[in-house]
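Each remark here refers to the structure printed beneath this line.
The values are calculated or read from the model by the stated rules, or taken from the named source; none is laboratory data. Just so it is clear, the model here is predicted, and its values are computed rather than measured. FYI the Cβ positions are ideal-geometry reconstructions off the backbone, even for glycines, and counts take in every protein chain you see. These accessible areas exclude ligands, DNA and RNA; they are computed on the full protein's heavy atoms, side chains included. Shrake-Rupley method; radii C 1.70, N 1.55, O 1.52, S 1.80 Å.
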Amino acid sequence: VPPRVPPRAPSCPLVPPRASRGASVFAWLQVREQWRVAALVLDRLCLGGFLALTAACALGTALDAALHRPPPQPFP
C-alpha cells in the first residue's frame, strides 16, 4: 500500500483556504496584499538604514583622512 500524502497545511500561502467560496478568497487576497505592502515597507526601511549607515561611515572616513595632519616634527 503506498503511503498516504498528507493534505496541504491551511496556512500555505500558495493556495487560499476554501477556494470554492468567493468571499473567503477575496479576504485571503486582501490579507496577502496587506502582507506584501508590509514587506515592501520593511524592505525600504532596511534599505534606508543601510544607505544611511554606509554614507555615515564613508563620510567619517573621508573627514578623518581630510582632517588628519601630521605633526611638524614627526620624529622628535
First measure r as the distance between the Cβ atoms of L45 and S24, then evaluate 1/(1 + (r/R0)^6) with R0 = 35 Å and state the FRET efficiency to the nearest 0.05.
-> 0.65
For the stretch 25-76, the accessible surface attributable to carbon and sulfur atoms (probe 1.4 angstrom, ligands and nucleic acids excluded) amounts in percent to 74
Quick one: if you stick a label point 7 Å off each Cα along the C-beta vector at W35 and A62, how many nm between them?
-> 4.2
